[in-house]
Amino acid sequence: MIVMEVGKTNQDEIADPETGEITNKSVIPQWMMDEFELLKRQRFISGTSYEERVKKSLELGGNSRDFEVSLLLSDNQEAYASEANYLFQKKFKNITRTEKAIAAKFRKFKGNSKNHYPTDDHSIAQKRLRFGTVIHTVTGLNAKDALDDGYQLKIEFTKCVKKCPGLAGYAVLEAEVISYRNMVKNQEYESKNIDELDDPEKEKNYIKLINTRELGQHLGESLLNGEDGQICIHLHVLLVAKNESIFKKFQSILQETNLWNSGSRRIQIKTFREKFDDKNKPVTLSLKDMARYMSKGGTIIHDKNPALKYKLYAPNDKLTTYDEFLNAQSLYDEDGLIDEYHESKIRTKKFTTDFLSLSPLEINVLHEVNEGMMNFDESRTGHIIKLGHW
């Protein structure tokens with residue numbers, strides 16, 4: 001941990017770390033400040049646990065006291081996911097009971113010659129449930145700006161749901177650290193190494209890049225292409241309606257706000273999958289997965305734990321700059337010494353710099369945005385928007 005105020009006296013005076021002279025304010029040499037900034041932007045070594053990444057990042061950001069409650073930790077994400085899943089399962093159970101009661105009355109009067117009112121789980125979900133996403137803004141790596149955008153999204157989305165009678169929603173605000181620079185490099189890399197795709201597939205693969213370019217115009221080229229990433233503010237929502245037509249009406253309401261029309265597919269309202277990886281997927285399992293996905297705090301879930309990385313599918317060292325490569329760090333396997341070239345010893349690399357890892361600076365800002373959004377209310381559920389009966 002870097003301690004910036006060194007040599008404190010009982011009177012809270014500060015001693016110069018080089019001369020020992022007592023002053024009334026902190027005297028920090030420039031070399032120490034430069035080293036501190038370097039530490040905050042230095043990518044982690046691959047194999048570093050996510051807990052250690054969070055812990056070090058919060059220390060460097062002056063937020064060590066928040067470590068145990070950070071939404072970047074798996075246990076805290078699971079707590080929110082468990083509560084959401086409980087409400088989702090309860091809601092679906094109530095919906096199923098209602099739909100089956102209606103179907104029984106329908107069959108009583110219409111007969112059973114044709115099943116015009118199916119009541120299997122997927123038919124009910126098709127009629128009553130949707131999973132939605134709204135991409136709101138892209139801002140620089142600044143917690144205050146991101147929180148302003150998050151609060152605006154909460155207010156505007158709430159207004160839209162209230163304009164649509166018969167609709168309920170459970171939404172979660174999310175901040176994600178993205179990297180425009182790396183997305184551009186990834187597109188260039190893939191265009192040289194992967195066969196050309198049809199235009200619709202290109203748009204699907206690069207939707208995040210398209211939207212970042214559109215929504216990040218105000219940041220300027222230096223920030224977009226700089227070493228630090230950006231923050232994308234968005235939300236995910238489970239929508240419940242009395243019938244399918246309400247979902248189309250709600251999508252129209254969202255589009256009519258003119259907040260989310262630029263870019264590509266910033267408003268998405270999707271039906272539930274019946275299969276995943278060629279296997280049947282029950283609605284109840286989809287709801288559980290949604291609850292976990294919505295509670296991930298801007299991280300990637302990998303092997304049930306958060307992975308604090310950019311969401312890019314690329315080889316680790318293909319998107320790095322020359323300077324980053326020169327400054328890369330490695331841990332060596334001392335037991336794996338190789339004898340080559342007249343018995344000289346060559347150390348084999350055990351772990352190297354994870355170039356797609358979020359930096360400590362990015363992780364700390366992501367934590368601060370999560371904390372701020374949770375604290376939109378006093379119960380630390382301010383990032384959750386519950387509209388209707390939950």
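Annotations
- HN-Hα J in Hz across segment 173-190 - Karplus 6.51, -1.76, 1.60, θ = phi - 60°, x for Gly and Pro: 6, 9, 10, 10, 7, 10, 9, 4, 4, 6, 5, 5, 4, 5, 4, 5, 5, 5
- From least to most packed, judged by other beta carbons within 10 angstrom and beginning with the fewest, M373, M32 follow the order M32, M373.
- Listed residue pairs exceeding 25 Å between alpha carbons, taken from K288/K311; K55/K185; K91/K275; K91/K309: K55/K185; K91/K309
- Taking a ≥ b ≥ c as the square roots of the eigenvalues of the alpha-carbon gyration tensor, segment 230-288 is classed oblate because a/c is 1.5 or more while a/b is no larger than b/c.
- Between segment 127-141 and segment 249-268, the alpha-carbon center distance in angstrom: 10
- Net charge of the neighbourhood of I155, taken over other residues with C-beta under 12 Å away and scored Lys/Arg +1, Asp/Glu -1, is 0.
- Packing-based exposure ordering (other Cβ within 10 Å, fewest first) of V69, V177: V69, V177
Where a number appears in this text, it was derived from the coordinates with a stated rule and is not lab data. Computed from a predicted model, the values in this text were never measured in an experiment. All Cβ positions, even for glycine, are placed from backbone atoms using ideal geometry, and neighbour counts span all protein chains on display.
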